[in-house]
Each structure stands twice: as structure tokens, then as C-alpha cells.
Amino acid sequence: MTVNRPADCIHIEQLEVLASVGVTETERARVQRLAITITLWPQSDFARLDDDVAKTVNYSAVCDVTRTFLAGRSDKLIETIADQLAAHLLGAFKIRAVDLEIRKFIIPDAAFVAVRLTRSGGV
């Protein structure tokens with residue numbers, strides 16, 4: 001998917017969250033550590049922010065919203081989490097596009113398994 005977006009972005013690297021996710025009920029019964037990398041392309045270029053935090057995307061709020069979004073969920077697939085989280089962030093913040101990578105640490109012989117997607121809003 002090609003997304004037409006400006007170069008100015010906000011990047012959150014490997015936000016650690018706990019989530020109930022897994023194909024089996026046994027796997028979903030316990031929370032697991034996920035690492036979520038989020039890149040956001042705000043609606044305003046950085047040059048237009050005038051050093052005013054109210055004109056940008058508050059990355060701390062993005063982290064809080066991400067944690068809250070995952071709390072209480074019980075999904076089978078990290079693909080589902082990625083798709084629905086992207087839609088949620090696009091609706092919650094003034095952003096043109098979002099790129100997500102979700103890492104799950106479930107395979108003993110692998111550092112992690114990850115899914116990645118990019119979604120754009122209707123700007």
C-alpha cells in the first residue's frame with residue numbers, strides 16, 4: 001500500500017503493553033507482553049506548530065490511548081489488534097496516517113513474531 005504522506009512524523013518505538021491475545025483460550029487466559037511501534041503522520045507539518053503543544057499530536061496521549069484500547073480485549077490475532085488499533089488512532093487523533101508494528105514473544109526459537117500495517121485517514 002502506498003500512502004502519500006509528508007516527511008514529518010512522530011515515532012514511538014516498542015511501547016510495551018500487556019494484552020490477552022492468542023489463538024487458543026489457554027493462550028488468551030493470561031496476559032502477554034507485546035511491543036508496539038507506532039509512527040504517526042500529523043495533519044500539520046512541524047513548521048506550522050509554532051512551538052505549541054496543542055497543535056501537535058501528544059505522543060504521551062497516544063501511548064495512554066493504546067494501553068486503554070488493549071485493556072480488556074481478548075483477540076485471537078495480533079493482525080486484528082493492529083487493524084483495529086490503527087482505525088482507533090486515526091479516529092482519536094489529528095493524524096493523516098499511522099504505521100504500526102506489533103511484536104509478540106511467543107515462539108521459543110524466535111526473537112519475536114510481528115505484524116506491520118499502514119493505514120491512512122480521510123484527510
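The values are calculated or read from the model by the stated rules, or taken from the named source; none is laboratory data. Computed from a predicted model, the values in this text were never measured in an experiment. Using ideal geometry, Cβ is built from the backbone for each residue, glycine included, and neighbour counts are taken over all protein chains shown. Only protein heavy atoms, including side chains, enter the accessible area calculation; ligands, DNA and RNA are left aside. Shrake-Rupley method; radii C 1.70, N 1.55, O 1.52, S 1.80 Å.
Of the residues Val62, Val57, the single one that is out of contact with any His (no Cβ under 9 Å at 6 or more places or on another chain) and at pLDDT 95 or above is Val62. One residue stands out in region 85-110 among those that are farther than 16 Å from Val57 by Cα, touching a residue at least 40 places away in the same chain (Cβ under 8 Å) and more than 10 Å from the chain's Cα centre (by Cα): the one that is least open to solvent (accessible area, probe 1.4 Å), namely Lys104.
Here Glu79 meets the list (1) assigned to a helix (DSSP H, G or I); (2) of a type in the set (D, E, K, R); (3) at pLDDT below 95 almost entirely, failing just condition (3). All of Lys55, Lys76 fail the test of being free of Cβ contacts under 8 Å to residues at least 24 places away in the same chain and open to solvent by 20 Å² or more (accessible area, probe 1.4 Å), apart from Lys55.
Give the residues of region 55-81 that are over 19 Å from Ala97 (Cα atoms) and not hydroxyl-bearing (Ser, Thr, Tyr), sorted by residue number.
Arg67, Leu70, Ala71, Gly72, Arg73, Asp75, Lys76, Leu77, Ile78
Scanning region 10-32 for residues that are open to solvent by 50 Å² or more (accessible area, probe 1.4 Å) and within 20 Å of Phe93 (Cβ to Cβ) yields His11, Glu13, Gln14. All of (1) within 19 Å of Val115 (Cβ to Cβ); (2) touching an Asp or Glu at 6+ places or on another chain (Cβ under 8 Å); (3) surrounded by 19 or more Cβ atoms within 10 Å (Cβ to Cβ) hold for Ala35 with one exception: (3). Filtered by the rule that a residue be part of a helix (DSSP H, G or I) and hydrophobic (A, V, I, L, M, F, W, C), region 82-113 gives Ala82, Leu85, Ala86, Ala87, Leu89, Leu90, Ala92. Quick check on Leu85: is it farther than 21 Å from Phe46 by Cα and in contact with an Asp or Glu (Cβ under 9 Å, 6 or more places away or on another chain)? Against the criterion (farther than 21 Å from Phe46 by Cα and in contact with an Asp or Glu (Cβ under 9 Å, 6 or more places away or on another chain)), Leu85 does not qualify.
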